[in-house]
Amino acid sequence: MADSASLLFNPRTYDPEHFDPETRRLLRATVDWFEARGKRRLIEDYRSRAWLGDFLGFAAKEGLFATFLTPASAAGKDDRRWDTARIAALNEIFGFYGLDYWYAWQVTILGLGPVWQSDNAEARARAAELLAQGEVFAFGLSEKTHGADIYSTDMLLTPDGEGGFRASGSKYYIGNGNAAGLVSVFGRRIDVEGPDGYVFFAADSRHEAYQLVKNVVDSSKYVSEFRLADYPVAPADILHTGRAAFDAALNTVNVGKFNLCTASIGICEHAMYEAVTHASNRILYGRPVTAFPHVRRELTDAYVRLVGMKLFSDRAVDYFRSAGPDDRRYLLFNPMTKMKVTTEGEKVIDLMWDVIAAKGFEKDNYFAQAAVEIRGLPKLEGTVHVNLALILKFMRNHLLAPVDYPAVPTRLDAADDAFLFQQGPARGLGSVRFHDWRTAFDAYAEVPNVARFREQADALCTFVETAAPDEEQSRDLDLLLAVGQLFALVVHGQLILEQARLTGLDEELLDELFAVLVRDFSAHAVELHGKDSATEVQQNWALGAVRRPVVDTARSTRIWERVEALSGAYEMGQ
């Protein structure tokens, strides 16, 4: 049975021995760099909005980004590969110490996406060399007027008569736009109508025709607005043209959005150490704060939700790494990590903040920045609503039409995830098929709250078969999103159970976690009941799906003791 601290990232004990030696060294070196920097400097840099020069200098010296973000096909060294498992581990570390560091890394990943998908060998070689030099990258997709609506881009390219273009236009909300050695920019030709006119090209932020306007946020994150003024785009700079450029944009976001879940986990872990330690040592009305039943319940809920976040995300890595043309299940699990895990992160922080109250505002704590930064992750790489609408495309096939697939193993092997840059056309989501979700639940049928949640999942299948939204309701996104939340919970529970089985998680902790999920499902069912356009049949179904978790006071007390043991387990040095 794992203790509470071993399930969370703890810099004091961290040793990622499941990775190869160089990955293990780099992850530990990153932790050591932050620990040596100390909490006071970390917080002061955050408060003063200092640019991340020291951090990027460390990353360049160690070859961190180059090792983790150069696919084997573009690498000259054995240790360089695109390995989602170790990328996820680094996301968690960056989130633990500060989202500003993660953001510089994340937008580098996005900027590299169109390059690694390109057949332009010269551009790929240039990107690999820039990474080796320690440069960062940027993803020039969104615009001030259109957001990420790439159909409406106003970055215009005029043919120059020599196989290249002159590009003019602006981009907005572009991370690393102040320092990127290469910016992947999406635009359209003025002489070609429709999707065939799209172009992805590489720009250099140091070029005189690249005009940096400002940082649009008040943060160390440099989220830029920039303009290109008659910028020369040579044939060697062109990454994609036509529909392939459109697909490269969406497939890049597929790769990048996965990173938000593990960053959220890292934030919550650091905040949890602070919150539990504070609550355990604060005396109120003559008793420790943690003596109050509501405090124990809130901190226990926060802990089991965080464990669920980790279980789901770790299992999703396996499907991401095992994906291929005939197995695209990752296209469901990926937006799930983005919308479900990150919103769970918000709940975890809110639960802890209710306990520590005013302490959560104090400038000397990590928690103050965690409470702010956790809000951003559900809103990046597509909003929660966008990703909920996306996962609804998979609901019927996932719930009602399973097919056989070979079992997907735990994927911690030192392999290159080449398919992520060979995803192909970004369409056909309705044809993606899944293995039987019930198998994961059957394995834990004796766990009371897993069984109780299974009743609700089976009820959702009945809903889809007998009371699904009709054609008119299908245009009511407000109603559909409520249904999406119910479906998301089933998928969330499924991968949690799969990972629990693979890791031998004890059933008592699983039971406590599923008690929370039962309550969540009931709450979303009640929400569906109250929707304006819900039919009488749907309303009746919703109330019929409400369940009370199986209460076991002794079990909850034992899980609380694990949470209480986190007090003093980690505190960052000054």
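The values are calculated or read from the model by the stated rules, or taken from the named source; none is laboratory data. Model, not experiment: these values are computed from the prediction. Reconstructed Cβ throughout: ideal geometry from the backbone, glycine too, with neighbour counts over all protein chains shown. Areas reflect the complete protein model, heavy atoms only, side chains present, ligands, DNA and RNA absent. Shrake-Rupley method; radii C 1.70, N 1.55, O 1.52, S 1.80 Å.
Listed here are the residues, each with its yes/no results for (1) open to solvent by less than 20 Å² (accessible area, probe 1.4 Å); (2) over 30 Å from Val289 (Cα atoms); (3) part of a helix (DSSP H, G or I); (4) modelled with pLDDT of 95 or more.
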residue	(1), (2), (3), (4)
Asn334	yes, yes, yes, no
Lys338	yes, yes, yes, no
Glu344	yes, no, yes, yes
Lys347	no, no, yes, yes
Met352	yes, no, yes, yes
Ile356	yes, no, yes, no
Lys359	no, no, yes, no
Asp364	no, no, no, no
Ala370	yes, no, yes, yes
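Could you check, for the stretch 469-476, whether at least one of its residues is touching an Asp or Glu at 6+ places or on another chain (Cβ under 6 Å) and open to solvent by 30 Å² or more (accessible area, probe 1.4 Å)?
No, the stretch 469-476 contains no residue that is touching an Asp or Glu at 6+ places or on another chain (Cβ under 6 Å) and open to solvent by 30 Å² or more (accessible area, probe 1.4 Å).
Give me the residue from the stretch 392-450 that is in contact with a helix residue (DSSP H, G or I) (Cβ under 6 Å, 6 or more places away or on another chain) and of a type in the set (S, T, N, Q) and, out of that set, nearest to Asp79 (Cα to Cα).
Among residues in the stretch 392-450 that are in contact with a helix residue (DSSP H, G or I) (Cβ under 6 Å, 6 or more places away or on another chain) and of a type in the set (S, T, N, Q), the one nearest to Asp79 (Cα to Cα) is Thr410.
Just to be sure, is Phe139 assigned to a strand (DSSP E or B) and of a type in the set (Phe, Trp, Tyr)?
Considered against the rule, which asks whether it is assigned to a strand (DSSP E or B) and of a type in the set (Phe, Trp, Tyr), Phe139 comes out as yes.
Residue-wise test of (1) farther than 22 Å from Ala179 by Cα; (2) open to solvent by 70 Å² or more (accessible area, probe 1.4 Å); (3) touching a strand residue (DSSP E or B) at 6+ places or on another chain (Cβ under 8 Å); (4) assigned to a loop (DSSP other than H, G, I, E, B).
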{"position": "Pro11", "(1), (2), (3), (4)": "yes, no, no, yes"}
{"position": "Glu17", "(1), (2), (3), (4)": "yes, yes, no, yes"}
{"position": "Arg24", "(1), (2), (3), (4)": "yes, yes, no, no"}
{"position": "Ala29", "(1), (2), (3), (4)": "yes, no, no, no"}
{"position": "Arg40", "(1), (2), (3), (4)": "yes, yes, no, no"}
{"position": "Ile43", "(1), (2), (3), (4)": "yes, no, no, no"}
{"position": "Tyr46", "(1), (2), (3), (4)": "no, no, no, no"}
{"position": "Ala60", "(1), (2), (3), (4)": "no, no, no, no"}
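Go through the residues of the stretch 62-85 one by one and say whether even a single one is touching a helix residue (DSSP H, G or I) at 6+ places or on another chain (Cβ under 8 Å), of a type in the set (Phe, Trp, Tyr) and assigned to a helix (DSSP H, G or I).
Scanning the stretch 62-85, I find at least one residue that is touching a helix residue (DSSP H, G or I) at 6+ places or on another chain (Cβ under 8 Å), of a type in the set (Phe, Trp, Tyr) and assigned to a helix (DSSP H, G or I), so the answer is yes.
Being open to solvent by less than 30 Å² (accessible area, probe 1.4 Å), part of a loop (DSSP other than H, G, I, E, B), of a type in the set (Gly, Ala, Ser) and closer than 25 Å to Val483 by Cα is the filter here; which residues of the stretch 411-468 pass it?
Correct list: Ala467 only.
With the condition being within 19 Å of Lys144 (Cβ to Cβ) and at pLDDT 95 or above, I'd like the strands (runs of 3 or more DSSP E) fully within the stretch 173-242 carrying at least 1 qualifying residues.
182-189, 198-203, 210-215, 223-233
What pairs come up if the first residue lies in the stretch 21-46 and is closer than 21 Å to Ala414 by Cα and touching a residue at least 24 places away in the same chain (Cβ under 8 Å), the second is assigned to a helix (DSSP H, G or I) and charged (D, E, K, R), and their beta carbons are under 8 Å apart, counting only those six or more places apart or on different chains?
Between residues of the stretch 21-46 that are closer than 21 Å to Ala414 by Cα and touching a residue at least 24 places away in the same chain (Cβ under 8 Å) and residues that are assigned to a helix (DSSP H, G or I) and charged (D, E, K, R), the close pairs are Thr23/Arg86; Leu26/Glu62; Leu27/Arg86; Ala29/Glu62; Thr30/Glu62.
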